[in-house]
1. Go through the range 105-158 residue by residue and tally those that are touching a His at 6+ places or on another chain (Cβ under 6 Å) and without any contact (Cβ under 8 Å) to a residue 12 or more places away in the chain.
2. Whether any residue in the range 85-97 is closer than 15 Å to Trp189 by Cβ and either of a type in the set (S, T, N, Q) or at pLDDT below 95 (or both) is what I want to check.
3. Of the residues Arg108, Arg52, which is more than 19 Å from Gly192 (Cα to Cα), among the charged types (D, E, K, R) and either in contact with a helix residue (DSSP H, G or I) (Cβ under 8 Å, 6 or more places away or on another chain) or exposed (fewer than 15 other Cβ atoms within 10 Å of the Cβ) (or both)?
4. Any chance the range 206-220 includes a residue that's without any contact (Cβ under 8 Å) to a residue 24 or more places away in the chain and either surrounded by 21 or more Cβ atoms within 10 Å (Cβ to Cβ) or assigned to a loop (DSSP other than H, G, I, E, B) (or both)?
5. Tell me which residues, restricted to the range 23-44, are out of contact with any Leu (no Cβ under 9 Å at 6 or more places or on another chain) and assigned to a helix (DSSP H, G or I).
6. Name the residues in the range 221-242 that are surrounded by fewer than 18 Cβ atoms within 10 Å (Cβ to Cβ) and either among the charged types (D, E, K, R) or free of Cβ contacts under 8 Å to residues at least 24 places away in the same chain (or both), would you?
7. Just a yes or no: is a residue in the range 169-186 among the aromatic types (Phe, Trp, Tyr) and over 21 Å from the mean Cα position of the chain (by Cα)?
Amino acid sequence: MKFKIIFSFLGFLLLLFIAVPIFKMLTAADPAALLETAKDAEVYNAIFLTLRASLWATIAALLCGVPLAYLLARKDFRGKKLVEGIIDLPVIIPHTAAGIALLTVWGRNSWFSKLSGINIIGTEIAISLGMFFVSVPFLVNAVKEGFNLIDERYEKTAVTLGASPWKAFLTISLPMVKKSLISGSIMMWGRGISEFGAVVILAFHPMTAPVLIFERFRNFGLKYALPVTALLILISLMVFIVVRVFEDRKS
């Protein structure tokens, strides 16, 4: 009994630590100010740019991250631990440092820009690149754990019965990790939305919502930053709830 009480109390403290600041922020925002902020073209452009850029990053990660997660879960090869370490690196390094690192590859004076003649700095592509870099570990690791939980014999049986490796992957393995795929995508998309450090270095303009919040707080103070913050959290929360409800119904 004491065991459950202690664990419940500690869990309750953690929930309070997370919930109280968010609740205080949402209740501190004046509804009239929220409505006025929602009508501000700069604000809703920044919010929808943030949601859209993070979505592009998540889609790109699905295309190349799922195959990598499958290989990491199914194959043992030399350098596997190194690959897993590289995947986890963006979570560890400061995100401003991540932005600088990306700038050396994709910046105006980088080899990419010199060879292609294309400058992506200050564009939506640059924003998506920054979001991709810092958030892709969430998707790859979630999907990898999903594949680890599936018995490989299902795939081998399908191949023995005549299915190609592609068909076994698409019709057996992938549907069985659907929940991990959805949860990893949600985590990556949400992490991309919140990214500031890497994005602000690659593209201060056009402004994403986190950059706009910082800019308004720095120039005008808490009063002007608070409604934008509350609006972003409310929109993100609604999207997350809709996705979770859809996921539960599908399950």
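1. 0
2. In the first step, residues of the range 85-97 are kept if they are closer than 15 Å to Trp189 by Cβ; the result is none.
Scanning the range 85-97 turns up no residue that is closer than 15 Å to Trp189 by Cβ and either of a type in the set (S, T, N, Q) or at pLDDT below 95 (or both).
3. On the way: Arg52 fails: more than 19 Å from Gly192 (Cα to Cα).
None of the others qualify; the one that does is Arg108.
4. Within the range 206-220, the subset without any contact (Cβ under 8 Å) to a residue 24 or more places away in the chain is 213-220.
Applying the additional criterion that residues be either surrounded by 21 or more Cβ atoms within 10 Å (Cβ to Cβ) or assigned to a loop (DSSP other than H, G, I, E, B) (or both) yields 213, 216.
Within the range 206-220, one or more residues are without any contact (Cβ under 8 Å) to a residue 24 or more places away in the chain and either surrounded by 21 or more Cβ atoms within 10 Å (Cβ to Cβ) or assigned to a loop (DSSP other than H, G, I, E, B) (or both).
5. Those that are out of contact with any Leu (no Cβ under 9 Å at 6 or more places or on another chain) and assigned to a helix (DSSP H, G or I): Phe23, Lys24, Thr27, Pro31, Ala32, Leu35, Glu36, Lys39, Ala41.
6. Residues of the range 221-242 surrounded by fewer than 18 Cβ atoms within 10 Å (Cβ to Cβ): 221-224, 233-234, 237-242.
Matches in the range 221-242: Gly221, Leu222, Lys223, Tyr224, Leu237, Met238, Ile241, Val242.
7. Initially, the range 169-186 is screened for residues among the aromatic types (Phe, Trp, Tyr), giving 169.
Imposing the further condition that a residue be over 21 Å from the mean Cα position of the chain (by Cα) reduces the set to 169.
Yes, because at least one residue in the range 169-186 is among the aromatic types (Phe, Trp, Tyr) and over 21 Å from the mean Cα position of the chain (by Cα).
The values are calculated or read from the model by the stated rules, or taken from the named source; none is laboratory data. All values reported here derive from a predicted model rather than from experimental measurement. With ideal geometry, Cβ positions are generated from the backbone for all residues, glycine too; neighbour counts draw on all protein chains shown.
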